[in-house]
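The values are calculated or read from the model by the stated rules, or taken from the named source; none is laboratory data. Keep in mind the model is a prediction, meaning the values are calculated, not measured. With ideal geometry, Cβ positions are generated from the backbone for all residues, glycine too; neighbour counts draw on all protein chains shown. Only protein heavy atoms, including side chains, enter the accessible area calculation; ligands, DNA and RNA are left aside. Shrake-Rupley method; radii C 1.70, N 1.55, O 1.52, S 1.80 Å.
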Amino acid sequence: MAITLPVFTPLQETLWLTLCGRALDNRLPHPILGDEMADEIVREVGYDYAKLHILSSSAIYIAHRAKKLDEIARRFIARHPDAIGLDLGAGLDSRALRIAPPPTAGWHDVDFPEVVTARQRLLPERARPHDIAADVLGPAWLEALPADRPAVIVADGLIAFLSMEEMISLVNRLIDHFPSGEIAFNGYSTFAVWAQKRFAVGKNVVDVSKFPGLDDPLEPERWNPKLKLVKEILMTREPEVAEFPLGLRLMNRLSAPVASWSRKGNVVLHYRF
Ligand SMILES: C[S@@+](CC[C@H](N)C(=O)[O-])C[C@H]1O[C@@H](n2cnc3c(N)ncnc32)[C@H](O)[C@@H]1O
C-alpha cells in the first residue's frame with residue numbers, strides 16, 4: 001500500500017538528499033556506512049533520486065560523515081550510559097538503529113512536525129526511540145529534556161540551513177541546558193558554501209541555505225568559553241578513504257597532507273563542553 005507523506009517545505013525536502021546519499025552508498029560494492037534502512041525507505045517510497053543528480057562521490061561523503069557522527073555518539077554513550085543523545089535536524093535518518101543506544105540512554109531525534117510525521121510512517125519504532133517535533137531554534141523542546149544528564153548532540157546536514165547567529169544561539173542554549181557533553185556536526189568552509197552556490201545541481205538546497213561557512217575550527221570556542229575543540233576530523237585522513245573507489249581515493253590522498261585543502265571538503269567538527 002502506498003504511503004502518503006506530508007507535504008514538505010523546501011527546507012524539509014533537503015532530507016532526501018542525505019537519505020538518498022546514504023541509500024546510494026549502501027548500493028555500492030563496498031559501502032562506507034551500509035545504511036540499509038535508508039536504502040529500504042528510498043525503495044519503499046519509490047523516491048526518484050535521479051532528479052537529485054547525486055554523484056557517487058557525494059553519496060560516499062554523506063555516508064562517511066554520518067559514520068563519523070555515529071562513532072562520536074556511540075563512544076560518548078559507551079562512556080555515559082545515562083546520556084541524552086540528540087540528533088538535530090534528523091530528517092529520515094535512523095541513527096538510533098545504527099548506534100543502538102542502551103535503554104538507559106535517551107536518544108532524541110529533532111525535526112519539524114511534518115518530518116516527524118513522515119518518520120512515524122516510514123521508520124520502525126526501534127529506529128526512532130523519541131522523536132521531537134519542533135523547530136530546533138524554538139525554546140520549548142529543549143526545556144522539556146532532563147537538564148541533569150550529560151548529552152551528546154549531533155547535527156548532520158543541519159547547519160547549512162542556519163545563519164551564524166542562529167547557530168551560535170543554538171549552541172549556547174544547548175551548553176546552558178546540559179551539565180556537560182559533546183557537540184559534533186559536519187562543517188562547511190566558506191569555499192564549500194561558495195562552491196555549492198556556484199555549482200550545486202540542487203538549486204532548492206542553495207535557496208534555503210543560510211550558513212556563511214566556517215574556516216577556523218577554533219572559532220566556535222569563542223562562541224562560548226565552555227566549548228573546547230576535541231578534533232577537527234579532516235575526512236581525507238580517515239581510514240575509510242582506503243575503501244574509496246580509486247579516483248576518489250587518489251584525490252583524498254593528495255589533499256590529506258594539506259589541512260587547508262582537506263578543510264575545503266568533507267569535515268566533521270567535534271567539541272566538548
Ligand atoms: C540535509 S537534511 C539532513 C537530514 C538528516 N540529518 C540526514 O542526515 O539525513 C536537513 C534537515 O534539517 C531539518 N531542519 C532544518 N532546519 C531545521 C530547524 N530549524 N529545526 C528543525 N529541523 C530543521 C530539515 O527539516 C531536514 O530534515
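If you go through the stretch 204-222 and pick out every residue that is more than 29 Å from Glu13 (Cβ to Cβ) and either of a type in the set (Asp, Glu) or open to solvent by 30 Å² or more (accessible area, probe 1.4 Å) (or both), you end up with 5.
Conditions (1) within 17 Å of the chain's Cα centre (by Cα); (2) closer than 16 Å to Asp93 by Cβ; (3) within 12 Å of the ligand (Cβ to nearest atom), marked per residue:
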position: Ala2; (1), (2), (3): no, no, no
position: Val7; (1), (2), (3): no, no, no
position: Thr14; (1), (2), (3): yes, yes, yes
position: Glu40; (1), (2), (3): no, yes, no
position: Tyr47; (1), (2), (3): no, yes, no
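The rows are residues; the columns are (1) over 22 Å from Glu165 (Cα atoms); (2) within 17 Å of the chain's Cα centre (by Cα); (3) of a type outside the set (Phe, Trp, Tyr); (4) open to solvent by 30 Å² or more (accessible area, probe 1.4 Å).
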| site | (1), (2), (3), (4) |
| --- | --- |
| Trp107 | yes, yes, no, no |
| Val110 | no, yes, yes, no |
| Pro113 | yes, no, yes, yes |
| Thr117 | yes, no, yes, yes |
| Pro124 | yes, no, yes, yes |
| Arg128 | yes, yes, yes, yes |
| Leu137 | no, yes, yes, yes |
| Leu145 | yes, no, yes, no |
| Arg149 | yes, no, yes, yes |
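In the stretch 225-258, which residue that is open to solvent by less than 30 Å² (accessible area, probe 1.4 Å), among the aliphatic types (A, V, I, L, M) and part of a helix (DSSP H, G or I) is farthest from Asn172 (Cα to Cα)? Once the filter is applied, the top-ranked residue is Leu248. Applying a threshold of 8 Å to beta carbon distances and a minimum spacing of six or more residues, or different chains, the list of pairs starting in the stretch 125-147 at a residue that is in contact (Cβ under 8 Å) with a residue 60 or more places away in the chain and ending at one that is surrounded by 13 or more Cβ atoms within 10 Å (Cβ to Cβ) and outside any strand (DSSP E or B) reads Ala127/Met37; Ala127/Ser94; Ala127/Ala96; Ala127/Leu97; Leu145/His177.
For the stretch 127-183, the tally of residues that are charged (D, E, K, R) and either within 19 Å of Leu214 (Cα to Cα) or touching a His at 6+ places or on another chain (Cβ under 7 Å) (or both) stands at 4. Which members of the stretch 129-167 meet the condition of being more than 12 Å from the ligand (Cβ to nearest atom), over 21 Å from Ile72 (Cβ atoms), modelled with pLDDT of 95 or more and touching a helix residue (DSSP H, G or I) at 6+ places or on another chain (Cβ under 9 Å)? Within the stretch 129-167, Glu143, Ala147 qualify.
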